[in-house]
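Colleague: Just dropping this structure here.
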Amino acid sequence: SAQVIIIGRPNVGKSTLFNRLVGKKLALVDDQGGVTRDRRMGDAFLAGMPFTVIDTAGWEDDDPETLPGRMRKQTEVSVEGADAALFVIDSRAGITPLDEEIARWLRQQDVPVVMVANKAEGKAGDGGIMDAFALGFGDPVPLSAEHGEGVADLFDALWPIIGEKAEGGQDDGDGDAAGEDDEDAPLGPLKLAIVGRPNAGKSTLINQMLGEDRLLTGPEAGITRDSIAVDWQWTNPANGETRDIRLIDTAGMRKKRNVVEKLEKLSVADARRAVDFAEVVVLLLDATQGLEHQDLKIASMVLEEGRALMVAINKWDIAENASSLFNGIREALNEGLAQVRGVPLFAVSARTGKGIDQMLGAAFELRDSWSKRVPTAALNRWFDDALEANPPPAPKGKRIKLRYITQAGTRPPRFVVFGTRLDMLPKSYERYLVNGIRRELGFDAVPVRVVLKSPK
Ligand code: GDP
């Protein structure tokens with residue numbers, strides 16, 4: 001798998017970033033021979049892309065006083081063998097002499113570097129981020145490892161470097177690239193999570209779905225210690241078909257943990273845990289409460305993590321002014337979630353069961369488009385038409401050449417556009433392409449990633 005090494009001076013947040021990337025899977029200390037004792041390695045997962053991440057935080061302890069000592073240590077194990085380095089700076093502290101020294105050293109190494117401006121939550125570190133450009137590794141990725149913000153940008157920066165390796169080789173366009181062998185296999189049970197603020201009705205909904213004659217084969221101990229997954233079979237009343245669903249029960253996760261964190265915080269934390277396991281995430285709203293900032297925050301996080309999102313307005317049985325409520329929420333979602341065009345929105349009642357089957361049917365469809373691969377020929381036919389209809393601009397008379405597009409991955413769908421002078425391509429043109437992919441290739445409601453790449 002691709003190896004990504006985290007480098008930076010003490011206290012910039014390397015370990016926090018490591019833990020964020022490794023997520024649920026516990027950081028393992030590799031004390032086998034061959035690697036340094038205190039080198040921490042872990043299996044990372046970034047918006048669906050797997051890779052191995054190495055934390056160098058432990059190296060500082062060997063010789064905390066002198067940079068040369070530390071650097072020698074780093075050179076010893078070296079960035080050799082790493083496919084990319086994440087050079088972490090503290091955007092609130094700005095650039096320190098030690099950062100500059102590390103930058104100088106890194107420039108001599110033979111490894112692609114992505115600079116990460118950490119602790120940038122709420123734009124706290126804008127000043128430091130400006131300075132960082134001067135270190136010569138391009139635009140830093142503003143990130144908050146602690147709050148999980150900026151993950152999508154980090155993905156966008158890393159993927160052009162390690163994507164091919166992480167995804168198991170170049171896509172040859174026929175959809176059976178090595179390493180994606182599970183792509184053509186039938187999709188397993190729909191992994192579905194219900195998230196939302198306290199009292200939205202998550203537990204009630206889950207009980208309603210499972211019903212009396214539920215087919216329980218869980219709780220699943222297999223996934224991880226602290227998630228509860230229930231496998232059940234849902235029969236679609238629209239066509240009589242039976243489908244497998246694995247329901248991730250975040251409410252159960254909470255009870256099991258018996259946590260006493262602040263409730264508001266908790267719903268975001270629950271959602272975060274849930275997206276680790278889910279393919280489709282249902283954000284449950286309470287019709288008597290409407291859509292609040294907190295809900296949008298959860299929704300954005302789900303999309304940033306590359307999961308398919310749908311929204312259900314619960315307690316529809318007691319909703320007032322139903323149609324204006326629905327339209328109001330529809331509009332607020334369109335405005336608040338620029339990452340997708342039109343999140344699927346449903347009105348349900350966990351109490352009476354109304355609307356739930358439609359919602360589940362749509363969840364399967366959503367997973368299909370999230371998992372879909374567009375054949376390369378069709379993709380490039382669309383691409384050529386899009387360029388013809390609206391040719392890329394020629395800033396200062398220099399022609400930007402867009403050559404072709406390929407779908408590098410699914411779940412979520414990921415595309416690479418190849419061309420030259422791409423750094424001059426205006427953001428607005430990039431948006432034009434992304435919108436076209438969504439609208440015309442059937443990815444309306446799922447998050448898609450598009451990166452630009454110039455061949456070397
Ligand atoms: P959770 O915290 O999201 O798991 O929420 P609960 O499932 O515990 O529900 C919170 C409250 O809302 C309970 O009093 C439920 O009885 C009520 N509730 C849940 N769903 C519905 C619904 O569809 N209609 C009505 N009228 N009440 C509901």
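Colleague: Relative contact order, percent, of segment 264-352 when contacts are C-alpha pairs under 8 Å separated by at least 6 residues?
Modeller: Once divided by the residue count of segment 264-352, the mean separation gives 31 percent.
Colleague: Using amide H atoms built in the peptide plane, which far-off residues or other-chain residues are under 5 Å from L309 H to H?
Modeller: V281
Colleague: Going highest first, how would you order 290-299, 327-336, 400-409, 83-92 by mean Cβ packing within 10 Å?
Modeller: With the highest mean Cβ count within 10 Å placed first, the list reads 83-92, 400-409, 290-299, 327-336.
Colleague: Fully extended, how many nm does the chain gain between T420 and A389 (0.36 nm per residue separation, minus their Cα-Cα distance)?
Modeller: Roughly 9.2 nm would be gained on extension.
Colleague: In whole Hz, with x marking every Gly and Pro, tabulate ³J(HN,Hα) for segment 151-165 from phi via Karplus 6.51 cos²θ - 1.76 cosθ + 1.60, θ = phi - 60°.
Modeller: Karplus values, whole Hz, x for Gly and Pro: 4, 5, 5, 5, 4, 4, 7, 7, 4, x, 7, 10, x, 4, 5.
Colleague: Any idea how far apart R341 and N327 come out in nm if each label point goes 7 Å out from Cα toward Cβ?
Modeller: Calculated label separation equals 2.2 nm.
Colleague: Run the numbers for R107 and R403: contour at 0.36 nm per residue of separation, minus the present Cα-Cα distance, in nm. Present the calculation step by step, with values, prior to reporting the outcome.
Modeller: Values: separation 296, 0.36 × 296 = 106.56 nm, distance 3.04 nm.
Fully extending the segment from R107 to R403 adds 103.5 nm.
Colleague: Before anything else, pin down the relative contact order of segment 375-456: Cα pairs under 8 Å, at least 6 apart, normalised by residue count, whole percent.
Modeller: Once normalised by length, the contact order is 29 percent.
Colleague: Something else now. Set the bar at 25 Å for Cα to Cα. Now go through K165/K297; K119/K401; K396/K427; K398/K453; K372/K401 and name every pair that lies beyond it.
Modeller: K165/K297; K119/K401; K372/K401
Colleague: Sort 5-13, 273-281 by packing, meaning the average of other beta carbons within 10 Å per residue, with the highest value first.
Modeller: Most protected by this proxy first, the peptides run 273-281, 5-13.
Colleague: Same structure, new question: Multiply the residue gap between L296 and E146 by 0.36 nm, knock off their C-alpha separation, and tell me the result in nm, one decimal place.
Modeller: 52.1 nm
Each reported figure results from applying straightforward, stated rules to the coordinates on display, with no laboratory input. What you see is a predicted model, and the numbers here were worked out from it, not measured in a lab. Note: ideal-geometry Cβ built from the backbone for every residue, glycine included; neighbour counts use all protein chains shown.
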